[in-house]
Structure formats: C-alpha cells, structure tokens
Protein chains: 2
Amino acid sequence: MTLAEKAYVSLRKDIVEGRFAPESPLRLADLSERYGMGFSPLREALNRLQAERLVTAESLRGFRVSARSPSEFEDALQARLLIETEALRLSILKGDDTWEASIVAALYALRRQTGRSDGDVDELKARHHAFHRALLAACGSDWLLDFFERLYAATERYRIPALLAAGPQKRDIDAEHGAIADAVLARDAPLAERLLRDHYLRTAGTIRSGMAPA
Amino acid sequence: MTLAEKAYVSLRKDIVEGRFAPESPLRLADLSERYGMGFSPLREALNRLQAERLVTAESLRGFRVSARSPSEFEDALQARLLIETEALRLSILKGDDTWEASIVAALYALRRQTGRSDGDVDELKARHHAFHRALLAACGSDWLLDFFERLYAATERYRIPALLAAGPQKRDIDAEHGAIADAVLARDAPLAERLLRDHYLRTAGTIRSGMAPA
DNA sequence: TCAACAAGGATTTTCGAAAATTCTGGAATT
DNA sequence: AATTCCAGAATTTTCGAAAATCCTTGTTGA
C-alpha cells in the first residue's frame, strides 16, 4: 500500500469518526506531522476526499473538513433511503443462496459483537457496516453500491457523536436487524424495504434529538 | 484557478469526450507534456477522477482510463433513471417561479443551438447538459445533484461515440425536450417523469445499437 | 479615529530530483 | 524449447525546496 493510500484511509477514518472538528482547516504541516509523511501523499488523499464531499477545498486556501448541518443530514438520509431501498429490492430479486449465506454470516458476526461487553467499538462499527452492505451486495449495480458507501460515510459522521450524546438506547437493534434479515431471506421485498426504512428513520430520530436544532 | 484544477477540468473533458481510449494507461510523462505541467497537479487531478470512477488506479502501476462495457452502461442508465426521476419529482414539488424561468431560458438556449447549422458541438453539449441540470436544480438535494453529475459524465462517455456511429437521427429531440419542459411547467410530475424516462430510454436504444453487443 | 497600504510570516501549490517499484529483454540453466 | 533470473530501462511515488499566494500586523496618512 502506498503512502497516499494510507493517508486516504487514515484521513477518511479520522474525519468520519469526528476526530477533526467539522469546518476545521486541514493544514498540511499538521497532517504531515500527524501521519508522518510529506505533502504529496496527503494532498492526493485530500483530493480524493474532496470528490467524496468529506472535505472541501478552496483555491490557494487549502482544505477543510466539510461542514455538518441538520439540513445536510436530512438530505443524506433521504438519498440513503432512495438508494438503499432500491438496492435492497434489486438484491432480493437477483441474489442467490451464496448471497443469503453472507447475510446470515454478517448478522451472526454482528450479534456476537453487540452481545460482547468488552466493547471494541471499531469492530462493532465494522460489522454493522458489513451487515448493511451484505444486504445490498447482490443488487448488481456498482453505481448504487458506490453511492451507498458515500452516503454511509456521510451519515456515520452524524451517527457517532449523536449516539454518545443521546445516552442509553431503548431500541432492540439486534431485533431490528434480525427482522430485516428474515424478510430478506423470505424474499419479501416490500416488507424488507419497509423494515429497512423504519430502521433508518428510527436511527435518524435518535440523531436529530442529539443534534442542535436547525 | 490552480494548475491542479485546470488539469482536472481538462482531463475530465478529454476522458468524457473519448480522446483517450478506455483502459489506455495515463502516463505521467505523456500527460505532463500534453498539458504542460509537472507531475503534482496531474496526480491530484487523477486522484479526484479516480473517486469519480472515470479513471482507475493500481498501486505502483499508475492510472488508466476506466473501462467501458455494455453492462456498465446499463448500470449507469438504471441509476440515472432512479436518481433523475426522483430529483425531477422533488423539483416539481419544491421549485419556485425563478426555477421555472431558468428552465424556459435553458430550453430556449438549447433550441437556438440545435437550430444552428454551424454546429459548435461543444456549445451544444454544454447547453444540453445545462437544460437537464436545470430541470433538477430545484430538488433541494445536493446529494442527488452530485449523483446526477457523476452519472451524466459516465453516460456521456457512451453517448458521444455512439451518436457518431449511429448516423442521422430520426428523433425530434427538440420536441422531446419541449414536451418535458411543458409537463414540468404544468407541474405534472407523473407525466414529466414518464417523458424524461422515455427520453433517456430512447437515447439508450440509439447508444446500444451503436455499441458492440454484450 | 479610521482606512489604505506594505512588510513579514504562514500556508498552499508546484517543480525537479531522488527513491522505490515495475517492466522488458536477453543470458543462463534445465 | 521452455523457464528462471538478472541488469537496465521505464514508470510511479515521495520528498524537499522554491515559487506563489494569502493572512496578519503594524504603520502611514488623511
């Protein structure tokens, strides 16, 4: 892996997980020290992230972490619902039993992690992401999967700080995931779409209550 | 405008318009000579284009123009229909009369250009793009507009060579655009969506017949 | 007091060369 | 004849410094 790729992965993770405040400038000298590399690989990573809308750039004024706002969150949420319900519908239509097996596996792995008290949050997030990706993986559209990844990263920036602010959950998230998986495995597309939509809308509610009002 | 931005604009245009063959390597020495700049701004542009899926990159093996294939075209087409019908629906729901005026203006400008025999193809393409963007501009979703731009560029790569191969058009494209604009201005969302969809499916038919079979 | 300006420092952007890796073609070996 | 190996060339990747631009701060002049 080249340094530019490492820079991309690290920066993306640090931005999505909120280790840089939104709108804070990303100065090359600072990043160079933080990640231990020169300007060139960092600039390449920042350009990629700019195309993904995680950072913004202004000519001769460098890069910033892109802003967060309630309206941008609502936008990303609506786009996600559009993309994911369609991708899920297509997956249910086209997926084979290997795909079904991968959902069962992803759900199992996710539940093992939520049930654990030692709480490796990184691992939990990775498995949560993997489960949702597995649902859509058979949709057959690279574009939809690409958009899914973009929007997942964009909304993850809101989810993490909001969950910390919102305190203990009343939801049984394992049960929600299980219900979605059941509907998918039963090839009941309308039900699966409705459950997925509700799942996201419920999360969105939690996020809204953890965010400053618009 | 910085050199990196110029490089991005030029490279994107040259790729979309097919001046580089798909899958051909984009060697830095060649690009440096072609565009008259050093490696740094070119690499930054290539990284942005990689995030947009117009070029592919492989570690230590540089960049290539991304491949074209019938299946990728069908994928992009379906994604476009999903994104654009939804964005159009939202635009009709939310647009004000300034938005209506911008559609009238864009349609007028487009027709002036199609009626011209001196045929500045670049200008025609720009106005065609501007018209389709104007239709969606009031949707209120930055994400949908972003996806629209991506998919427009992706499908434009197929449209241009196919039109040259397909020979003279039997369609009255001005009339199709006019009908879409009329439905939009009448705020008839279902009709506008149907007309837009038909418009793209007809273009897709032309493109398919100009492409080698899958 | 205030606006315009300028000098100096900070920062981004770009270049040219060095380092690292891949590719190519031919010699050596089986 | 086919395969492996290696040296040299080609190419990508990275660095460090130079160039260009922006920002700050203090000064001047009205």
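The values are calculated or read from the model by the stated rules, or taken from the named source; none is laboratory data. Owing to the predicted nature of the structure, the values given are computational and were not obtained by experimental measurement. In this analysis, Cβ positions are derived from the backbone assuming ideal geometry, glycine residues included, and neighbour counts consider all displayed protein chains. Side chains included, ligands, DNA and RNA excluded: accessible areas come from the protein's heavy atoms. Shrake-Rupley method; radii C 1.70, N 1.55, O 1.52, S 1.80 Å.
Report, by residue number, each residue of segment A:68-87 that is over 16 Å from the mean Cα position of the chain (by Cα) and under 22 Å from A:Ala181 (Cα atoms).
Result: A:Glu86, single match.
Mind checking which residues of segment A:37-84 are within 22 Å of B:Glu5 (Cα to Cα), touching a residue at least 60 places away in the same chain (Cβ under 8 Å) and at the interface with chain B (Cβ under 8 Å from one of its Cβ atoms)?
Once the filter is applied, which keeps residues that are within 22 Å of B:Glu5 (Cα to Cα), touching a residue at least 60 places away in the same chain (Cβ under 8 Å) and at the interface with chain B (Cβ under 8 Å from one of its Cβ atoms), segment A:37-84 yields A:Glu52, A:Arg53.
So, in segment A:132-159, of the ones that are open to solvent by 20 Å² or more (accessible area, probe 1.4 Å) and among the acidic types (Asp, Glu), which residue ends up farthest from the other protein chains (Cβ to nearest Cβ)?
Result: A:Glu149.
Of all the residues that make up segment B:11-26, how many are more than 13 Å from B:Arg68 (Cβ to Cβ) and either in a helix (DSSP H, G or I) or within 13 Å of DNA strand D (Cβ to nearest atom) (or both)?
6
Look through A:Arg68, A:Arg89, A:Arg64 and report the one residue that is farther than 24 Å from A:Arg197 by Cα and not β-branched (Val, Ile, Thr).
Criteria check complete, one pass: A:Arg64.
Does segment A:160-174 contain at least one residue that is open to solvent by less than 40 Å² (accessible area, probe 1.4 Å) and within 14 Å of another protein chain (Cβ to nearest Cβ)?
no
Does A:Ala126 fit the bill of being surrounded by fewer than 17 Cβ atoms within 10 Å (Cβ to Cβ) and of a type in the set (A, V, I, L, M)?
So A:Ala126 passes the test.
Write out, first by first residue and then by second, each pair whose Cβ atoms fall under 8 Å of each other, whose residues are 6+ apart or on separate chains, and whose first residue, in segment A:101-129, is modelled with pLDDT of 95 or more while the second is polar (S, T, N, Q).
Once the first residue is modelled with pLDDT of 95 or more and sits in segment A:101-129, its partners that are polar (S, T, N, Q) give A:Arg127/A:Gln113.
For segment B:146-159, does any single residue satisfy the condition of being at pLDDT 95 or above, within 26 Å of B:Arg19 (Cβ to Cβ) and small (Gly, Ala, Ser)?
yes
Please go through segment A:27-62 and give me each residue that is more than 14 Å from DNA strand D (Cβ to nearest atom), out of contact with any helix residue (DSSP H, G or I) (no Cβ under 6 Å at 6 or more places or on another chain) and either open to solvent by 60 Å² or more (accessible area, probe 1.4 Å) or not in a helix (DSSP H, G or I) (or both), ordered by number.
Passing the criteria: A:Asp30, A:Arg53.
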